[in-house]
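What follows draws every value from the coordinates through simple rules; no lab data is involved. Values in this document were obtained by computation on a predicted structure and should not be read as measured data.
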Amino acid sequence: MRTINYTEKNMVEAYSAVLSNLSIPCKIEIMERLLKSLKNEPKETALPIDGFMSEKSAEQIIAELRESRSFGKTRIIEPF
C-alpha cells in the first residue's frame with residue numbers, strides 16, 4: 001500500500017470537511033460508490049519511491065543518456 005502525498009492529503013481534508021455536513025443516507029451512498037469504484041480499479045503495481053513507468057528498458061534509457069552527453073561540444077564562450 002502506498003502512502004498519500006501532500007496534495008492528496010489536502011484533498012482528503014477538503015472532502016472530509018464537505019462530507020461532514022451531509023446526511024447519513026447521503027454518506028452511505030457515497031461510501032457505496034467509493035467501494036464500487038475500488039472494486040473496478042486495477043491494482044496498482046509497486047514502484048520504488050520516486051520511481052516512474054517507461055516503455056523503454058533500462059538499457060535503452062542509459063544509452064539515450066550517454067548519447068545526449070556533450071561534455072563541452074556545444075558550449076560557446078563569448079568574449080566580453
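Multiplying the residue separation of N21 and M53 by 0.36 nm and subtracting their alpha-carbon distance yields 7.6 nm. Relative to the current alpha-carbon distance between R33 and F80, full extension at 0.36 nm per residue lengthens the span by 10.2 nm.
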